[in-house]
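**Q** One structure follows; several queries about it will come next.
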Amino acid sequence: MNGFKRLWGGGAVRFGLAALAGIGIADAQEKVTSRYAPYAAVANLTEGISWPKGQALPTFATPAPSLDTVMVQDLSQDELITFSALQGRVNRKQPRILLAEGRAEEGPFTWTDTAGLSSRTAFERDRRYELVAKYAGELDGVVLYDPAISPHYRNLAGTVAAQMNAIPVNPQVMEEFKKAGINLKVAADLTGLKFTKPLEIYGHMLERYWPKAEKRLIVSARPTDRGDYHHTRDMAAATGAAVVWLDTRVPEERDMLRKFFSGMKAGEGIALGWYATERTGITTASEFGIGTMPADFFVSSTIYAGTDHKIHMPTVPKMPALENKVYVAVVISDGDNIQYTQHAMRKNWDRIAESRGKVALNWTIAPGLVDIAPVILNYYYGSATPLDCFVTGPSGMGYMMPTNTLNEPGAPVGDSLKDPAMMDGYTRMTETYLQRSGIRVVTIWDDASPPLRKAYEKNCRNLYGVTVQNFKDMRSVAGSIENGRLPFDKLVIPYAGSYQHMSDSLKKEVRDWDGKAPLFLSYQVEAWKEMRADRIVALRDEMAREFPGKVEFVRADHYFNLHNEAKGLPFNLSLTAGVTAKTDGGKTDAAVVLDGSASTLWTAEKEGKQQLDLDLGGDYLVSRCVIRHAGDAGLDPALNTREFALQASTDGKSWKTIHVVKGNKDRVSDWDLPPVKAKQLRVLINNAGADGKARIGEVEVFGKRV
């Protein structure tokens with residue numbers, strides 16, 4: 001595929017609403033539940049940042065046509081501390097400074113070129129302070145610190161400087177400023193502080209500066225040797241977020257980090273960076289319902305957060321007809337890690353382009369890329385094949401480990417997330433980002449408690465299903481179906497590293513299958529080891545030879561819908577090949593409302609009332625309908641359909657109104673309906689958007705066979 005989806009136009013149709021009279025509309029409305037995930041429309045900006053409530057990270061303005069560029073390798077450790085802060089403060093107004101990583105796996109300018117930002121002004125090493133001089137007028141001073149006393153003053157100085165529109169500098173950098181004629185006043189001098197231990201320094205930060213820090217974001221960045229001297233520090237500088245580094249393996253330091261997290265709110269806060277160890281850090285943040293976006297090698301976030309924020313969700317192919325087979329979904333891990341998507345994944349993705357499209361592959365990816373780097377998400381979406389499906393990394397919006405099954409000092413086995421309010425907060429934020437990214441499947445590490453499973457089902461309406469990691473293969477970890485709707489599927493192997501491991505497991509499962517009903521098997525493989533795309537193709541071929549016609553590898557969204565269909569549960573009928581859509585004028589372009597993407601939009605050619613007909617291709621008991629409007633396709637929400645009705649029929653002649661919407665302001669209409677038998681549905685649009693033209697991005701109908 002060669003790029004992004006376009007908006008589609010449609011033919012005009014006319015109809016009368018006489019059929020609505022006397023059909024018990026009030027009764028239908030009383031029994032309907034309307035739920036959706038509200039979020040502010042995200043538009044590209046010309047200046048400044050936008051950070052409305054419910055958005056994890058801010059939207060930055062469109063970058064300048066030419067970027068002032070400094071190579072990371074031309075800067076010392078403490079110069080990186082200074083220049084990344086300069087980058088954040090300057091880019092807050094408009095992204096103009098790029099710190100480029102000369103050793104990046106994908107190449108130093110691959111992503112800026114992808115974003116159309118190919119014009120650059122290079123500030124070589126001997127000219128690097130000219131860049132500071134150029135933008136000194138936009139700053140209110142410097143914050144002095146001395147890393148010789150403790151390297152943690154780098155984090156304290158960065159936190160203080162962001163609150164004062166200043167940049168952190170050590171004495172050596174300050175001397176270079178003077179030599180270059182840069183006369184910035186000292187807004188704060190931390191060199192007189194006598195603290196030497198991390199607990200003392202971050203205790204001082206907690207008491208004096210944390211109250212004024214941005215609570216929706218915290219950056220965990222190592223300031224010591226081989227540390228993180230610029231990765232996402234620009235985002236902290238731009239937003240006023242605190243920068244900390246507390247060793248979560250040390251009980252006292254872990255408790256100090258808890259004090260920071262306790263000042264944040266689940267569903268509103270996110271962490272960027274990384275920790276001393278994976279499980280000690282992630283479980284600590286998880287206690288508070290805070291997801292982490294691994295970013296300790298992510299470069300120039302304030303540039304990429306300004307790239308085009310319209311997400312071009314890929315279309316979804318029709319799922320195969322349900323048969324008595326073994327259905328296999330293979331998830332390729334590590335996409336939750338935004339630095340992986342920026343670096344190694346781009347290199348691997350491009351390299352295996354010939355293997356992709358030969359077998360269904362499910363790629364974990366971070367839905368938070370819609371904020372911090374939409375160009376990255378759009379690149380993968382735009383270059384995906386119909387057999388590439390994207391799912392979230394663990395466990396939704398930001399890496400969270402609600403239950404730990406692997407014993408490690410500082411990360412006890414058991415539930416990390418226990419507070420129901422925090423469960424609701426995290427899952428509500430996850431739903432917002434599922435909607436914004438178009439992702440329908442979540443992976444969870446290591447397990448989800450019964451209350452958390454209920455929270456996902458209640459709050460994540462966009463979900464088709466969830467895979468459960470079960471890292472240590474504990475018998476207590478099990479699959480489940482929540483509220484007759486949302487399946488949680490225990491992975492057969494949580495992290496298959498070799499071909500033989502997965503082949504042996506899959507063969508055993510197929511041989512043990514009794515063949516009486518379809519069998520569903522989900523696996524996860526390591527992106528860093530043997531099981532890459534070509535090996536999964538080979539595994540599919542081996543299964544076809546040994547078990548001809550019995551094993552089918554499928555996309556994760558198809559996997560969970562086929563599962564529900566097999567279990568007699570509601571599934572998305574719009575994914576089946578038998579469902580068709582048309583207007584009463586016989587136009588075929590109405591089919592885009594069934595292509596699995598709101599980015600492709602049916603638009604009437606003329607103003608006025610419209611009718612959209614759906615033939616379900618069989619008899620179903622319909623229990624839910626979702627209609628995505630113009631706002632969900634990235635258009636002005638004023639173009640959303642204002643008034644419409646949904647009708648059902650079993651013979652195409654007699655119609656029953658099952659729902660009516662008036663005064664619609666939502667970008668997504670989502671209703672649970674009293675179950676109704678139907679073979680056909682139709683959407684009657686009585687009052688279109690602000691320009692009078694009807695638009696529909698997507699129609700999803702959930703039901704089960706009668």
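**Q** W349 versus (1) free of Cβ contacts under 8 Å to residues at least 60 places away in the same chain; (2) within 21 Å of A56 (Cα to Cα): which is the lone unmet condition?
**A** Result: W349 fails condition (2) only.
**Q** Now for a separate question. Among the residues of segment 637-655, what is the count of those that are out of contact with any Gly (no Cβ under 8 Å at 6 or more places or on another chain), open to solvent by 30 Å² or more (accessible area, probe 1.4 Å) and touching a residue at least 12 places away in the same chain (Cβ under 8 Å)?
**A** 4
**Q** Can you report the number of residues in segment 169-210 which are out of contact with any strand residue (DSSP E or B) (no Cβ under 8 Å at 6 or more places or on another chain) and in a helix (DSSP H, G or I)?
**A** Residues flagged as out of contact with any strand residue (DSSP E or B) (no Cβ under 8 Å at 6 or more places or on another chain) and in a helix (DSSP H, G or I) within segment 169-210 amount to 15.
**Q** Any chance you could count how many residues in segment 99-124 are in contact with a Lys or Arg (Cβ under 7 Å, 6 or more places away or on another chain) and crowded, with 18+ Cβ neighbours inside 10 Å?
**A** Selection size over segment 99-124: 1.
**Q** Taking only segment 414-448 into account, find how many residues are assigned to a loop (DSSP other than H, G, I, E, B) and touching a strand residue (DSSP E or B) at 6+ places or on another chain (Cβ under 7 Å).
**A** Residues in segment 414-448 being assigned to a loop (DSSP other than H, G, I, E, B) and touching a strand residue (DSSP E or B) at 6+ places or on another chain (Cβ under 7 Å): 5 in total.
**Q** While we're here: Just one of the numbered conditions (1) buried (at least 23 other Cβ atoms within 10 Å of the Cβ); (2) modelled with pLDDT under 95; (3) of a type in the set (A, V, I, L, M, F, W, C) is not true of M429; which one?
**A** So the condition that M429 fails would be (2).
**Q** If you don't mind, another one. Please verify whether segment 470-484 includes one or more residues that are among the charged types (D, E, K, R), open to solvent by 30 Å² or more (accessible area, probe 1.4 Å), in a loop (DSSP other than H, G, I, E, B) and touching a Pro at 6+ places or on another chain (Cβ under 8 Å).
**A** Checked segment 470-484: at least one residue is among the charged types (D, E, K, R), open to solvent by 30 Å² or more (accessible area, probe 1.4 Å), in a loop (DSSP other than H, G, I, E, B) and touching a Pro at 6+ places or on another chain (Cβ under 8 Å).
**Q** While we're looking at this one, here's another question. Scan segment 230-247 for residues that are surrounded by fewer than 24 Cβ atoms within 10 Å (Cβ to Cβ) and more than 25 Å from the chain's Cα centre (by Cα) and jot them down.
**A** The one that is surrounded by fewer than 24 Cβ atoms within 10 Å (Cβ to Cβ) and more than 25 Å from the chain's Cα centre (by Cα): D247.
**Q** Please work out if R346 is within 25 Å of G425 (Cβ to Cβ) and either in contact with a helix residue (DSSP H, G or I) (Cβ under 7 Å, 6 or more places away or on another chain) or open to solvent by 10 Å² or more (accessible area, probe 1.4 Å) (or both).
**A** Judged against the criteria, R346 is not a match.
Every residue, every condition in (1) in contact with a strand residue (DSSP E or B) (Cβ under 6 Å, 6 or more places away or on another chain); (2) closer than 19 Å to S597 by Cβ; (3) modelled with pLDDT of 95 or more, yes or no:
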position: C625; (1), (2), (3): yes, yes, yes
position: D632; (1), (2), (3): yes, yes, no
position: A645; (1), (2), (3): yes, no, yes
position: T650; (1), (2), (3): yes, no, yes
position: G663; (1), (2), (3): no, no, no
position: R667; (1), (2), (3): no, yes, no
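**Q** Which one is surrounded by the fewest Cβ atoms within 10 Å (Cβ to Cβ), of the residues in segment 181-229 that are of a type in the set (G, A, S) and on the phi < 0 side of the Ramachandran plot?
**A** That would be G192.
**Q** Of these, L506, L569, L521, which one is assigned to a loop (DSSP other than H, G, I, E, B), modelled with pLDDT of 95 or more and open to solvent by less than 40 Å² (accessible area, probe 1.4 Å)?
**A** Result: L569 is the single residue among L506, L569, L521 that is assigned to a loop (DSSP other than H, G, I, E, B), modelled with pLDDT of 95 or more and open to solvent by less than 40 Å² (accessible area, probe 1.4 Å).
**Q** Looking at A604, A598, A630 in this structure, which one is open to solvent by less than 10 Å² (accessible area, probe 1.4 Å), aliphatic (A, V, I, L, M) and either without any contact (Cβ under 8 Å) to a residue 60 or more places away in the chain or farther than 18 Å from S437 by Cα (or both)?
**A** Going through A604, A598, A630 in turn, the sole match is A604.
**Q** Another one. Being part of a loop (DSSP other than H, G, I, E, B), touching a Ser or Thr at 6+ places or on another chain (Cβ under 7 Å), open to solvent by less than 10 Å² (accessible area, probe 1.4 Å) and under 21 Å from M502 (Cβ atoms) narrows it down to one residue among G357, G335; which is it?
**A** Answer to the selection: G335.
**Q** Now for a different question. Evaluate the following for P374: is it touching a Ser or Thr at 6+ places or on another chain (Cβ under 9 Å), farther than 30 Å from S476 by Cβ and crowded, with 22+ Cβ neighbours inside 10 Å?
**A** yes
**Q** Could you run through segment 262-287 and say how many residues are among the hydroxyl-bearing types (S, T, Y), more than 19 Å from R216 (Cβ to Cβ) and assigned to a helix (DSSP H, G or I)?
**A** 2
The values are calculated or read from the model by the stated rules, or taken from the named source; none is laboratory data. It should be emphasised that the depicted structure is a prediction, and the values quoted were computed from it without experimental measurement. Positions of Cβ are generated from backbone atoms using ideal geometry, with glycine treated the same way; all protein chains shown enter the neighbour counts. For the accessible areas, the whole protein counts, side chains as well, though only heavy atoms, and no ligand, DNA or RNA atoms are used. Shrake-Rupley method; radii C 1.70, N 1.55, O 1.52, S 1.80 Å.
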